[in-house]
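Novice: Structure incoming, see below.
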Amino acid sequence: KKTKDEFASKIDSVFSMYTKIDDELLEDLEDILIGSDIGVESTMDIIEHLKNCVKTEKLKTPDEIRIRLKEYLKEIIHTDDETDDSNMKTPTVILIIGVNGVGKTTTIGKLANRYKTMGKSVLVAAGDTFRAAAVEQLQVWCDRAGVELIANKEGSDPAAVIFDSVQAAKSRKADVLICDTAGRLHNKKNLMNELNKIFRVVDKEYDTAFKQVYLVIDSTTGQNGIIQAKTFKEAADIDGIILTKLDGTAKGGIIVPVQKEIGVPVKYVGLGEKIDDLQPFDSNKFVDAIFE
Amino acid sequence: MIFESLSDKIQGTLNKLKGKGKLTEKDINNAMREIKLSLLEADVNFKVVKDFIKTVKERSLGSEVMESLTPGQQVVKIVNEEMIKLLGESESKIDFSDDITVIMMCGLQGAGKTTTSGKLALKFKKQNKRPLIAACDIYRPAAIKQLEVVGKGIDVPVFKIEGENDAVKIANEAFKEAKKKGNDVLILDTAGRLHIDEALMEELQQIKSSLNPREILLVLDSMTGQDAVKIAEAFNSTMEISGVILTKVDGDARGGAALSLRAVTSKPIKFVTTGEKMSDLEPFYPDRMASRILGMGDVLSLIEKA
Ligand SMILES: Nc1nc2c(ncn2[C@@H]2O[C@H](COP(=O)(O)OP(=O)(O)OP(=O)(O)O)[C@@H](O)[C@H]2O)c(=O)[nH]1
Ligand SMILES: Nc1nc2c(ncn2[C@@H]2O[C@H](COP(=O)(O)OP(=O)(O)OP(=O)(O)O)[C@@H](O)[C@H]2O)c(=O)[nH]1
Ligand SMILES: [Mg+2]
Ligand SMILES: [Mg+2]
């Protein structure tokens, strides 16, 4: 994929330019890491770690540093529960949240299709009653995936839609209920409170269901992604991150500081606008691809 | 607010300098390192940051500062001047000299093109223009419907050809429609696309060559990170954009993209959008923005007097 190739060729070309480890090499590395949206703090931490390795392990060649960098990135990004949704517990309610335009609705279409293909019965809730034609957009995706959508009128209370959807999921014994929500900037207090209300409805009305809250982050996002993750985490226990639009040239490096900060694993990546452009996140692959 | 944290940090650094009666090279180096980190944390592209710091440093070490009685304030002044250069000198307006002013929106997926098309239409309508918006997004599910809802909300007509799979044709037909109905502004809402998607970039070029729009505006999400430069460069080199609209500045995006864009495209930011309501669109004033980042409307006038 394009994203990783570019990142990769850059890191590798840096290493190939040097024959020994010096400040210049480290400075170039710093630029690349920052240029991938990994952020100042995480970058400094990574560079510091590498310097330590050089000192304590008496590293000599750029290649040795390369290996250490790769290991360390894996260590940061890796989490024990890599996505294995083939044996997901049922019934599950999945809530999809995030700022405006990151790809929530599209991702729901992809997820619905994925779970359905696995043989699960899937129901989708049109919890975005705010955005113009949000329901119609989601309806198209549900038609494509061949799953049912529960929706109310535009402008109605999103918590009410979720309530109705939970009842429908219960009575139809659906394996998975995926709920769309309106895009909201993390600094809009009332909108974040509205999310809380939605979560409470699910907790109260469907306490036997297994709940998953996924925060969708656009891979072109810069350092703002850290605040997004932090603030959304305050509003809800986030179980995972979905990193979208990785088919562009953005590096998605923002997940490094995001994971360091809030320790939430990346579950899926979005790689395009087609229904099967979704893959489970694999930290090994992700980091390996950076270097290959 | 956009730039808030950048502003806080840079002001903190500059305040330390301001008080000093004498500056050493070390003082300046330290300050530059702090400013560099603040800019990077605000998502300003790292190459742009390097150039900016280099220029400010060179000027700050020059006689203009070193021989001044208030060297700290001189450095502040230099930072401000270079910041304004980075953001663009003055407000830039839309050129309405054509009979039908064609404005084309373009940008990545989800940046805010459709919403912003509506906002612009409303703004022009308030200026007694008669805008028409064309639904040229043939890909996104319910894109036409979304634009229709937007149009209805602001009482602006939306041109569409349901089921048509040629965006260029829709744009052309929309122009004819505008001519027929006496619309003097035609806003083309296009589908979101990646700057590396050759087929879709070609589609934009075809629309451009058949309608020759007065304005080609790149709509860019203010939360964009380091990639903003690549995106802007790509759209500018294929489309030769006339300006940028920076969206979602009501989030607390650090706004670094705004500082990088002009440096790589030399195209102005024309508007910023500040929310999901149709009235949430503001012109962009680079000089004011720079002063706001540095929190120094007053300081500047003080220096002027001195
Ligand atoms: N290239 C690419 N585009 C994507 C991807 N995921 C979503 N998109 C596009 O991004 C745009 C926004 O997607 P939506 O699903 O509407 O995003 P959203 O988060 O639901 O947006 P709001 O509901 O308005 O907050 C659409 O044009 C999608 O086709 C992806 O992985 N790659
Ligand atoms: N908070 C906030 N949200 C905005 C702003 N501008 C747009 N949005 C939201 O961002 C999301 C995407 O906006 P759209 O206008 O659909 O973006 P688009 O570029 O047309 O998307 P595609 O057609 O899928 O490429 C929607 O949820 C909008 O309401 C803004 O200034 N502030
Ligand atoms: Mg949506
Ligand atoms: Mg659109």
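Novice: A:Ile242 fails exactly one of the following numbered conditions: (1) more than 16 Å from ligand 2 (Cβ to nearest atom); (2) buried (at least 20 other Cβ atoms within 10 Å of the Cβ); (3) not in a strand (DSSP E or B). What is the number of that condition?
Specialist: A:Ile242 satisfies all of (1) more than 16 Å from ligand 2 (Cβ to nearest atom); (2) buried (at least 20 other Cβ atoms within 10 Å of the Cβ); (3) not in a strand (DSSP E or B) except (3).
Novice: Take segment B:14-53 and flag every residue that is of a type in the set (Ser, Thr, Tyr) and buried (at least 20 other Cβ atoms within 10 Å of the Cβ). Full working, then the answer.
Specialist: Let us first name the residues in segment B:14-53 that are of a type in the set (Ser, Thr, Tyr), namely B:24, B:38.
Result: B:Ser38, single match.
Novice: When the residues of segment B:108-151 are narrowed to those that are more than 9 Å from every other protein chain (Cβ to nearest Cβ) and free of Cβ contacts under 8 Å to residues at least 24 places away in the same chain, which ends up surrounded by the fewest Cβ atoms within 10 Å (Cβ to Cβ)?
Specialist: Within segment B:108-151, the first condition is being more than 9 Å from every other protein chain (Cβ to nearest Cβ), and the residues that meet it are B:113, B:116-117, B:119-138, B:151.
When the remaining residues are screened for being free of Cβ contacts under 8 Å to residues at least 24 places away in the same chain, the result is B:126-128.
Numbers: B:Lys126: 10, B:Gln127: 10, B:Asn128: 7.
Within segment B:108-151, the match that is surrounded by the fewest Cβ atoms within 10 Å (Cβ to Cβ) is B:Asn128.
Novice: May I ask you to list pairs of residues, at least six apart or on different chains, whose Cβ atoms are under 8 Å apart, with the first in segment B:276-295 being free of Cβ contacts under 8 Å to residues at least 12 places away in the same chain and the second being assigned to a loop (DSSP other than H, G, I, E, B)?
Specialist: If the second residue must be assigned to a loop (DSSP other than H, G, I, E, B), the pairs left are B:Glu282/B:Thr274.
Novice: Could you give every pair whose Cβ atoms fall below 8 Å, whose first residue belongs to segment A:146-163 and is closer than 12 Å to A:Glu205 by Cβ, and whose second residue is in a loop (DSSP other than H, G, I, E, B), counting only separations of at least 6 or pairs across chains?
Specialist: Taking only residues 6 or more apart or on different chains, the pairs are A:Ala160/A:Asn152; A:Ile162/A:Gly127.
Novice: Which of (1) in contact (Cβ under 8 Å) with a residue 12 or more places away in the chain; (2) in a helix (DSSP H, G or I); (3) under 23 Å from A:Thr106 (Cβ atoms) does B:Phe175 not meet, given it meets every other one?
Specialist: (3)
Novice: Give me the residue from segment A:215-232 that is of a type outside the set (A, V, I, L, M) and surrounded by fewer than 24 Cβ atoms within 10 Å (Cβ to Cβ) and, out of that set, farthest from ligand 2 (Cβ to nearest atom). Please lay out each step first, then the result.
Specialist: First, pick out the residues of segment A:215-232 that are of a type outside the set (A, V, I, L, M): A:218-225, A:228, A:230-232.
Checking the rest, the ones that are also surrounded by fewer than 24 Cβ atoms within 10 Å (Cβ to Cβ) come to A:230-231.
Numbers: A:Lys230: 18, A:Thr231: 14 Å.
Among those that are of a type outside the set (A, V, I, L, M) and surrounded by fewer than 24 Cβ atoms within 10 Å (Cβ to Cβ), it is A:Lys230.
Novice: While we're on this one: Starting from residues that are touching a Leu at 6+ places or on another chain (Cβ under 7 Å) and not in a strand (DSSP E or B), keep the ones in segment B:82-107 and report whichever is farthest from ligand 4 (Cβ to nearest atom).
Specialist: B:Met83
Novice: Suppose we filter segment A:81-118 for residues that are in contact (Cβ under 8 Å) with a residue 60 or more places away in the chain, more than 16 Å from ligand 4 (Cβ to nearest atom) and not β-branched (Val, Ile, Thr); how many remain?
Specialist: Number of matching residues: 16.
Novice: Something else: Looking at segment B:75-102 only, could you name the residues that are more than 30 Å from B:Ala171 (Cβ to Cβ) and either touching a residue at least 24 places away in the same chain (Cβ under 8 Å) or within 14 Å of another protein chain (Cβ to nearest Cβ) (or both)?
Specialist: Within segment B:75-102, the subset more than 30 Å from B:Ala171 (Cβ to Cβ) is B:75-87, B:89-90.
Within segment B:75-102, B:Val75, B:Val76, B:Lys77, B:Val79, B:Asn80, B:Glu82, B:Met83, B:Ile84, B:Leu86, B:Leu87, B:Glu89, B:Ser90 meet the criteria.
Novice: While we're on this one: Looking at A:Arg184, is it touching a residue at least 40 places away in the same chain (Cβ under 8 Å), within 14 Å of ligand 2 (Cβ to nearest atom) and of a type outside the set (Ser, Thr, Tyr)?
Specialist: Details: touching a residue at least 40 places away in the same chain (Cβ under 8 Å): yes; within 14 Å of ligand 2 (Cβ to nearest atom): yes; of a type outside the set (Ser, Thr, Tyr): yes.
Criteria met by A:Arg184.
Novice: Something else about it: Please enumerate the residues belonging to segment A:23-34 that are buried (at least 22 other Cβ atoms within 10 Å of the Cβ) and under 14 Å from B:Leu40 (Cβ atoms). Write out each step before concluding.
Specialist: Pass one, segment A:23-34, residues buried (at least 22 other Cβ atoms within 10 Å of the Cβ): A:29, A:33-34.
If the condition is that a residue be buried (at least 22 other Cβ atoms within 10 Å of the Cβ) and under 14 Å from B:Leu40 (Cβ atoms), then A:Leu33, A:Ile34 are the ones that fit.
This table checks each residue for (1) modelled with pLDDT under 90; (2) touching a strand residue (DSSP E or B) at 6+ places or on another chain (Cβ under 6 Å); (3) under 26 Å from A:Gln223 (Cβ atoms).
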| residue | (1), (2), (3) |
| --- | --- |
| B:Gly12 | yes, no, yes |
| B:Gly21 | yes, no, no |
| B:Asn30 | no, no, yes |
| B:Val48 | no, no, yes |
| B:Ser63 | yes, no, no |
| B:Ile84 | yes, no, yes |
| B:Lys93 | yes, no, no |
| B:Gln109 | no, no, yes |
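Novice: Filter segment B:177-230 down to residues that are within 16 Å of ligand 1 (Cβ to nearest atom) and away from chain A (no Cβ under 14 Å), then give me how many there are.
Specialist: 3
Novice: Taking B:Pro157, is it within 16 Å of ligand 3 (Cβ to nearest atom), at pLDDT 95 or above and of a type outside the set (A, V, I, L, M)? Don't jump to the end; show me each part of the working.
Specialist: Details: within 16 Å of ligand 3 (Cβ to nearest atom): no; at pLDDT 95 or above: yes; of a type outside the set (A, V, I, L, M): yes.
When the stated conditions are applied, B:Pro157 does not pass them.
Novice: I want to confirm something. Restricting to segment A:140-181 and keeping residues that are away from ligand 2 (no atom under 14 Å from the Cβ), closer than 13 Å to A:Lys110 by Cα and within 14 Å of chain B (Cβ to nearest Cβ), which single residue is surrounded by the fewest Cβ atoms within 10 Å (Cβ to Cβ)?
Specialist: The extreme case among them is A:Asp143.
Novice: Taking the condition buried (at least 18 other Cβ atoms within 10 Å of the Cβ), touching a strand residue (DSSP E or B) at 6+ places or on another chain (Cβ under 8 Å), within 17 Å of B:Ile133 (Cβ to Cβ) and within 14 Å of another protein chain (Cβ to nearest Cβ), does B:Thr273 pass?
Specialist: Details: buried (at least 18 other Cβ atoms within 10 Å of the Cβ): yes; touching a strand residue (DSSP E or B) at 6+ places or on another chain (Cβ under 8 Å): yes; within 17 Å of B:Ile133 (Cβ to Cβ): yes; within 14 Å of another protein chain (Cβ to nearest Cβ): yes.
Yes.
Novice: Consider only pairs whose beta carbons are under 7 Å apart and that are at least six residues apart or on different chains; among these, list those whose first residue lies in segment A:119-138 and is within 13 Å of another protein chain (Cβ to nearest Cβ) and whose second residue is part of a loop (DSSP other than H, G, I, E, B) and hydroxyl-bearing (Ser, Thr, Tyr).
Specialist: Note: pairs meeting the criteria are A:Asp128/A:Thr181; A:Thr129/A:Ser156.
Novice: Mind checking which residues of segment B:145-159 are closer than 19 Å to B:Lys169 by Cα and within 11 Å of ligand 2 (Cβ to nearest atom)?
Specialist: B:Leu147
Novice: Follow-up question, since we're still on this one. Can you tell me how many residues within segment A:265-281 are assigned to a loop (DSSP other than H, G, I, E, B) and either near ligand 1 (Cβ under 10 Å from one of its atoms) or away from every other protein chain (no Cβ under 14 Å) (or both)?
Specialist: Within segment A:265-281, the first condition is being assigned to a loop (DSSP other than H, G, I, E, B), and the residues that meet it are A:265, A:271-277, A:281.
Checking the rest, the ones that are also either near ligand 1 (Cβ under 10 Å from one of its atoms) or away from every other protein chain (no Cβ under 14 Å) (or both) come to A:265, A:271-274, A:276-277, A:281.
Residues in segment A:265-281 being assigned to a loop (DSSP other than H, G, I, E, B) and either near ligand 1 (Cβ under 10 Å from one of its atoms) or away from every other protein chain (no Cβ under 14 Å) (or both): 8 in total.
Novice: A follow-up question, please. Count, please, the residues in segment A:8-43 that happen to be of a type outside the set (A, V, I, L, M, F, W, C) and assigned to a loop (DSSP other than H, G, I, E, B). Give the derivation first.
Specialist: At the first step, the residues of segment A:8-43 found to be of a type outside the set (A, V, I, L, M, F, W, C) are A:9-10, A:12-13, A:16, A:18-20, A:22-24, A:27-28, A:30-31, A:35-37, A:39, A:41-43.
Imposing the further condition that a residue be assigned to a loop (DSSP other than H, G, I, E, B) reduces the set to A:18-20, A:22, A:36-37, A:39.
Counting residues in segment A:8-43 that are of a type outside the set (A, V, I, L, M, F, W, C) and assigned to a loop (DSSP other than H, G, I, E, B) gives 7.
The values are calculated or read from the model by the stated rules, or taken from the named source; none is laboratory data. Everything numeric here is computed off the predicted structure, so don't read it as measured data. Heads up, the Cβs are rebuilt from the backbone with ideal geometry, glycines too, and the neighbour counts pull from every protein chain shown.
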